[in-house]
Structure formats: C-alpha cells, structure tokens
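S.K.: Before I ask anything, let me first share the structure, which is written out below as structure tokens.
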Amino acid sequence: MDGPEGVSLLWPPGLLPGAVDPQPRLTAEQAADLELETLVDALCLHASDHAWVSGLLGQLCSDPLVIGYRQGVLDSILDAPVIAARLESLLPRIDRLRQHHVPREKGELLHEVAWRLGELEIFLECVRELAAILDVVPGDRLPEGFERLRAFLERLRAGETIRHREEELPRLLKEVRGTRSLTLGVNVDKDLQPSSATLLSINAHSFDDRAPSFLDRLFGVGQGQWSGIAPLHRAPSEQANPMLLPLFRDLSEALTQTLRPVAAALQKFIGVHTRFLDEWGRELSFYLGAAKLATRLRAAGLPLCRPLVSEPGSAGCRVEGCYNIVLALKIAGQGREKEVRGLVVTNDLAFGPHEITILTGPNQGGKTTFMRSVGLAHVLAQAGLPVPGTAARLAAVDAIHTHFPRTERQDIDSGRFADEMRRLSDIFEQATPASLILLNESLTATSARESLELAREVVSALQVLGARAIYTTHLYELAAEAEVFNAGTAGPGRVASVVADPEHRFRIEPGPPAGSSRARDVAAHYGVGYESLVKVLRERGIVP
C-alpha cells in the first residue's frame, strides 16, 4: 500500500510542496531582522519542530488557494477545543512512531522483529484514534483538509492490508511479548562450581522473588513453579563474564528460532508505510500550536483576524488595529500577560500596491517596531494564520527584503558603508514589483549630505521598481520631498510620508515630517538645545 499521495493538511491536491520552491524565501538574516524566532518559539509545541516551522513560515506561500485551505483547517480547530485537545493527546504517540523511523544499523532478527512490531502497533493505534476523532465531527463541518484525511483513513482501514493486519497483529504481539522467562539447566563439578549450562525451556511467565511460606512447605506446595529458592538477582550493568558468552549466544539463537515464524508473518506488512504519519504529526502540531497562540493572545485582550489574501501585486495592504505580535509575546514572556493589552499600541496599516512609505520620528518612537509589524503580518497571513488586528486585506508578496543596521560593523565606518551598499545592491538584484522591502535607518554610515543624496536615488529607484517599501529614517528632508518624487520620477511607485507621534509612543500616523534633521532629533533626545541647556544651568545654580 502506498502512502497518501495528495493528502495534506497544508497543501491542497495538486499543490503539494514538491510543486513549489521548497527552500525558505526568508534568509536567516531577514528572519533575524523580523525577530521571527520569537514567533516560531510560540508556535512550536515541541522544540524539535523549530526548524520545520521556521522553514514553513519562511516559504511565504503566495497562492490564495493554499492560504484559504490552511485557514479552514485552523478555523475548525479553533472552533472545536475538545477535538483540539484529543488531537494534541495523539501527538506523543505519533512522536514515538517517528522515533522508529530514525535510521539505525541493521541488528539481529530478535531486535528487528521487536522494533517492527512496536512500529506497527503504534501506527495502528494512531490510525484508529485519528479516525475516531474525525468521526465525531459532522461531515458538513469538516474543512477540505480534514475531509480528505478522513476519507483516506476510511479507505486505509477498509482495505485488506490494514484490516487483516489489525486482526493478525495482536497474535504476533502475543507470541513475541509472551516470552517472559527462560529456564536453564546448570551442571556443577565436584566442588559444586557451575561447569556447563543449557536452555531447558522458554516460558510465558516471569520468575519472581517471592519466598515460600511455612504453610507452602508444610503442605508440600514448595516454592511454587515461578519462584526460586534464592533471591531474584537483577542483570548487572557491567559487561558479562566471557565464560557466559557462548551460553548467551545459544539463548539468542533459541529466541531467534521462536521468532522466525513471526518474522515471516511480518513480511506481509511490508506494504504498510507508516512514515506519512510523521508529516501529518508535524502539520497537526503546527495547527495546534497556532491555535494555542491565538487563544493566548485573545485571552490577553489582543485581537486576531482571518486576513483576506489576494494574488501578489494585485493590491496593497490594509490592516485595522495592527500590532507587533513579537513585542506582545516578549511582554507576555516576562510574566506580564495582564499588562499586554495596555502596553501594546495598535496602528491602522494602509499601503497602496506600489507605495514607498517614508517613516520619520524620534528615537524610541516605535518606527522599527511598526516596520516589523508589517513584515510579520505578511509572514503570518501567507502561512495561513491569523494576523494581529481586527480586519485585514492584503496582497501576498513574493519576498521580504530587509536592510537593517548590522551592529557588529558599527565601529568601522568605511567597512559599514561598503556593507550597506553591497546589501542594497543585492536587494535590487533580487526584488520584484511583488516584493516587500523594509529599509531601517539605511544610508547612515556616511555624512548627512551624502546620505540624503543617496537616499533620494534609492527612493527614485524603488519607484521605478514598483515594490511596496517602508523606509525608516532621520532624513526628514527626504520625507518632505514626497510630492517632488511623485511629480518627477518615472515608474508606478508613489511616495508617502508617515510620522511616529512624539507625544504617543508607537503611534504611527500619515503626515509630513515633524522635525528638520537627524542631528536635531538626537540632540532633543538627550536634552541638548538652548532652553534645555539653560534649564540645567539654572538647576545647578550657575545662572539665576
């Protein structure tokens, strides 16, 4: 029997991952810029799934059919917490089955039979339990992913391969696990020292260390068939006496002979492929982790919504009440779950399909947090997951290109500038009009005049490209020239100015820049200005 081709909880029929690029489109650097690891940690029920979940998010699936398929599966889990709990209780058994699939060296027949029987036992348990869970849900309420899974399980269990094996497996297990002890005959020499030994019988009962009672001996019962006349000694952990090795070999061979009929019967199970449950287990774990995350955030008073995702390049991005989910998770992770709703600031996102947004504002005003929230909203939506907000409609992107400062190069201005230029060049060599480009304080490794000149050229090139972009900067002159860009540059890109409100931290609103230069902004942050400095002198008593 072959595996369930076309049956997946993540991919609709005909759109399996083999038909798309399996490599993550988010690089490790881009994922780090978005602080994606915190989100991945929150989605993983098991640490062993971290790399798999990270790769799934990084694929940035852009097919609305696939995204809608996943949304349906997750909605069914969120709507039925009892079913979700039963599915989660099944995961440990699927994980045990996965351990049977870890490559290992071929061992003796004794071990191979026990290993294969254990695998089949767990597999059939999982199939029966999974079918029972899905049977509880009415057919008209199952999303397509679960409906296809239920139909496959029905075909699987109705087929002769599984039906006969379900009947036969208990007998095989009984034959193998029915061997509980061995009876040895030991000869002794004239000094009563063991001199030779042989196997007398293979038994279905275990010996115990129950000593015979007085009544046992009085009435001739003796110690009983399965108890000895001395304490029961446990097997030592150290290596056995070499003189016993020939006996152990004989014992192993005797047990092997008893298992040969079982091994022959197991040949009939060769057609039962169990590995597909590994993938289903990962997929189930992903959805259950997403459901737990959604429940956790909603319990903290933070909204989540099912986004409407369209084809790449077909529209812009609109999210009402969006917030940075990673920031919320970090606050909650500090044991401040009850404070999350009051500390997380929401913003409405509204970007046109080819909009270049220039974001200015004071340091620590939430510019980078806002930018990350936009990238994370796309990552979540394109994975088929809810996005932070009360309503969302966005066009998928084919990539998220990031250009954030690299702190390890901060002390080498010339090297840092060259690195900035190289990474910007790489973006324009890879980005398409369907990409999202996030530039965070780019072009700051040179003088203010040169930074402004280069920034103008980059923004103009972004207009020609037509990709959606957000550029956070202290170059207020750049934002002030939005209409100049729109009037004079060829290309579909439109430039808009938004501002981090200095009076309300993390609040981002459309509008012209509120400052005049990066230098003045930094100076104001540290209280360097005529009024501020004179105030300090007065407080020190230097001036009246």
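The values are calculated or read from the model by the stated rules, or taken from the named source; none is laboratory data. Note that the structure is predicted; figures quoted are calculated from it, not measured. When we count neighbours, we look across all protein chains shown, and the Cβ atoms used for this are built from the backbone with ideal geometry, even at glycine.
S.K.: Using the structure shown, decide if ALA479 is surrounded by 21 or more Cβ atoms within 10 Å (Cβ to Cβ), in contact with a strand residue (DSSP E or B) (Cβ under 9 Å, 6 or more places away or on another chain) and hydrophobic (A, V, I, L, M, F, W, C).
M.R.: On the way: surrounded by 21 or more Cβ atoms within 10 Å (Cβ to Cβ): yes; in contact with a strand residue (DSSP E or B) (Cβ under 9 Å, 6 or more places away or on another chain): yes; hydrophobic (A, V, I, L, M, F, W, C): yes.
When the stated conditions are applied, ALA479 passes them.
S.K.: Right, another one. Within region 331-373, how many residues turn out to be modelled with pLDDT of 85 or more and among the basic types (Lys, Arg)?
M.R.: Qualifying residue count, region 331-373: 3.
S.K.: Being surrounded by 22 or more Cβ atoms within 10 Å (Cβ to Cβ) and touching a strand residue (DSSP E or B) at 6+ places or on another chain (Cβ under 7 Å) is the filter here; which residues of region 313-343 pass it?
M.R.: CYS317, VAL319, CYS322, TYR323, ILE325
S.K.: I would also like to ask the following. Does ALA291 meet the test of being assigned to a helix (DSSP H, G or I), modelled with pLDDT of 95 or more and of a type outside the set (Asp, Glu)? Don't jump to the end; show me each part of the working.
M.R.: Working: assigned to a helix (DSSP H, G or I): yes; modelled with pLDDT of 95 or more: yes; of a type outside the set (Asp, Glu): yes.
Criteria met by ALA291.
S.K.: Restricted to region 1-41, and to residues that are among the polar types (S, T, N, Q) and assigned to a loop (DSSP other than H, G, I, E, B), which residue is modelled with the lowest pLDDT? So that I can check it myself, show each step before the final result.
M.R.: Step one: list which residues in region 1-41 are among the polar types (S, T, N, Q), which gives 8, 23, 27, 30, 38.
Still in the running and assigned to a loop (DSSP other than H, G, I, E, B): 8, 23, 27.
Values: SER8: 86, GLN23: 53, THR27: 93.
Going through the qualifying residues, I end up with GLN23.
S.K.: Among the residues of region 322-356, what is the count of those that are under 15 Å from PRO510 (Cβ atoms) and in contact with a helix residue (DSSP H, G or I) (Cβ under 9 Å, 6 or more places away or on another chain)?
M.R.: Filtering region 322-356 for residues under 15 Å from PRO510 (Cβ atoms) gives 322, 347-352, 355-356.
Still in the running and in contact with a helix residue (DSSP H, G or I) (Cβ under 9 Å, 6 or more places away or on another chain): 322, 347, 349, 351, 356.
Counting residues in region 322-356 that are under 15 Å from PRO510 (Cβ atoms) and in contact with a helix residue (DSSP H, G or I) (Cβ under 9 Å, 6 or more places away or on another chain) gives 5.
S.K.: What about ASP411, is it part of a loop (DSSP other than H, G, I, E, B), on the phi < 0 side of the Ramachandran plot, under 26 Å from the mean Cα position of the chain (by Cα) and modelled with pLDDT under 95? Give the steps one after another, and end with the answer.
M.R.: Values: part of a loop (DSSP other than H, G, I, E, B): yes; on the phi < 0 side of the Ramachandran plot: yes; under 26 Å from the mean Cα position of the chain (by Cα): no; modelled with pLDDT under 95: yes.
Considered against the rule, which asks whether it is part of a loop (DSSP other than H, G, I, E, B), on the phi < 0 side of the Ramachandran plot, under 26 Å from the mean Cα position of the chain (by Cα) and modelled with pLDDT under 95, ASP411 comes out as no.
S.K.: Still on this model: Say we look at region 99-145 and pick out the residues that are among the acidic types (Asp, Glu), at pLDDT below 70 and assigned to a helix (DSSP H, G or I); which of these is surrounded by the fewest Cβ atoms within 10 Å (Cβ to Cβ)? Spell out how you get there, then give the answer.
M.R.: Applying the first criterion (among the acidic types (Asp, Glu)) to region 99-145 yields 105, 108, 112, 119, 121, 125, 129, 135, 140, 144.
Still in the list and also at pLDDT below 70: 105, 108, 112, 140.
Still in the list and also assigned to a helix (DSSP H, G or I): 112, 140.
Values: GLU112: 14, ASP140: 6.
Selected residue: ASP140.
S.K.: Check VAL319, VAL326 and return the single one that is at pLDDT 90 or above, among the aliphatic types (A, V, I, L, M), not in a helix (DSSP H, G or I) and not assigned by TED's automatic domain parsing to the domain that holds PHE485. Walk me through how you get there before you give the answer.
M.R.: Details: VAL326 fails: not in a helix (DSSP H, G or I).
None of the other options fit; the residue is VAL319.
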